[in-house]
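The values are calculated or read from the model by the stated rules, or taken from the named source; none is laboratory data. All of these numbers come straight from a predicted model, not from anything done at the bench. Ideal geometry is used to build each Cβ from the backbone, glycine not excepted, and the neighbour counts take in all protein chains shown.
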Amino acid sequence: MSQYEDDLKMAAAQSAVALITDGMIVGLGSGTTAAFAITDLGRRVQHGLHIVGVPTSERTAEQARALGIPIATLDEEPNVDITIDGADEVEKASLNLIKGHGGALLREKIVASASKKLVIIVDESKLVDRLAVRDPVPVEVVPFGWQTTARRLSSLGAKPSLRRNPDEKPFHSDGGNYILDCALDSRFSAEELAQRLDHVVGVVEHGLFIGLTSEVHVGDSGVRVLKLTS
């Protein structure tokens with residue numbers, strides 16, 4: 001990651017964090033881009049902002065604690081005012097997303113679904129005309145019988161690949177599940193792909209985030225804010 005890319009992501013992160021006001025319950029996203037927002041939020045907390053963060057991963061929780069951001073579980077704070085997170089792909093026309101290349105898609109989607117507002121921060125390279133053409137879709141599956149789940153996904157036209165750690169052992173999500181990175185049939189829309197994945201036994205959740213995004217802050221030469229037109 002270049003310094004220029006870092007600067008774009010930081011600018012988008014600061015733009016999104018500016019939406020947060022005193023007393024909010026804030027969903028804290030996961031991944032390298034969301035980490036920029038958490039860093040800026042930590043700076044504001046140190047200058048007197050009073051919020052409570054709901055982390056979407058163990059790594060995010062560690063970062064928030066280190067920065068002095070008060071955190072709570074979703075059980076403790078079920079009504080989230082705003083969540084700030086990154087994305088692997090953003091479909092420009094719909095603002096639908098692919099998320100989960102960092103492995104936290106299940107908790108990210110649970111928190112996003114509990115939020116009044118989901119704000120996504122990306123650089124220009126994450127914007128696409130159509131989801132799932134360029135990148136595979138992460139699909140979180142239970143370890144028990146995962147090969148059977150993979151065959152079911154293959155029967156839908158997917159090409160699943162088990163995500164592994166550098167030591168070649170299977171990657172485990174924070175929830176203890178496996179992730180299958182699935183190249184999907186790009187003839188179908190993201191909505192159609194999501195419906196197909198929703199009905200596969202053994203799938204816990206998938207990385208297609210449909211109809212959840214409120215706005216996208218894009219780091220470019222400046223910061224562009226994308227919203228759906230009514």
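Table: residues versus (1) modelled with pLDDT under 95; (2) assigned to a strand (DSSP E or B); (3) among the acidic types (Asp, Glu); (4) in contact with a strand residue (DSSP E or B) (Cβ under 9 Å, 6 or more places away or on another chain).
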residue	(1), (2), (3), (4)
161	no, yes, no, yes
168	no, no, yes, no
188	yes, no, no, no
193	yes, no, no, yes
196	yes, no, no, no
200	no, no, no, yes
Fill in the blank from the handout: If we keep only residues of region 181-216 that are charged (D, E, K, R) and surrounded by fewer than 20 Cβ atoms within 10 Å (Cβ to Cβ), then the residue nearest to residue 102 (Cα to Cα) is 181
Fill in the blank from the handout: Of 32, 83, the only residue that is closer than 24 Å to residue 222 by Cβ, among the β-branched types (Val, Ile, Thr) and at pLDDT below 95 is 32
Practice task
Those residues that are in contact (Cβ under 8 Å) with a residue 24 or more places away in the chain and of a type outside the set (Val, Ile, Thr), I need them from region 198-216; list them, please.
Solution key: 202, 205, 206, 207, 208, 209, 211, 212, 214, 215
Exercise for the section: Filter region 141-166 for residues that are under 19 Å from residue 101 (Cβ atoms) and of a type in the set (D, E, K, R) and give the result. Expected result: 159, 163, 164
Completion exercise
Checked against (1) surrounded by fewer than 20 Cβ atoms within 10 Å (Cβ to Cβ); (2) of a type in the set (S, T, N, Q); (3) modelled with pLDDT of 95 or more, residue 56 satisfies every condition except (1)
Practice task
Kindly indicate which of 118, 184, 153 is closer than 20 Å to residue 217 by Cβ and among the hydrophobic types (A, V, I, L, M, F, W, C).
Solution key: 118
Handout entry: Unique match (being closer than 27 Å to residue 119 by Cβ and touching a helix residue (DSSP H, G or I) at 6+ places or on another chain (Cβ under 8 Å)) among 208, 162
Key = 208
Completion exercise
With criteria (1) modelled with pLDDT of 95 or more; (2) over 23 Å from residue 225 (Cβ atoms), residue 3 comes up short on (1)
Practice task
Evaluate region 1-11: report whether one residue or more is aliphatic (A, V, I, L, M), touching a strand residue (DSSP E or B) at 6+ places or on another chain (Cβ under 7 Å), assigned to a helix (DSSP H, G or I) and farther than 19 Å from residue 103 by Cα.
Solution key: yes
Handout entry: region 92-136, residues that are part of a strand (DSSP E or B), in contact with a helix residue (DSSP H, G or I) (Cβ under 7 Å, 6 or more places away or on another chain) and either buried (at least 24 other Cβ atoms within 10 Å of the Cβ) or β-branched (Val, Ile, Thr) (or both)
Key = 118, 119, 121, 122
Handout entry: Enumeration of residues in region 217-230 that are small (Gly, Ala, Ser) and crowded, with 17+ Cβ neighbours inside 10 Å
Key = 219
Handout entry: Residue list for region 137-162, filter: crowded, with 16+ Cβ neighbours inside 10 Å, of a type in the set (D, E, K, R) and farther than 30 Å from residue 93 by Cα
Key = 152
Exercise for the section: Restrict the check to region 35-54 and report whether at least one residue is within 28 Å of residue 128 (Cβ to Cβ), not hydrophobic (A, V, I, L, M, F, W, C) and not in a strand (DSSP E or B). Expected result: yes
Problem - Residues that are more than 20 Å from residue 114 (Cα to Cα) and surrounded by fewer than 20 Cβ atoms within 10 Å (Cβ to Cβ), drawn from region 12-34 - result: 18, 32
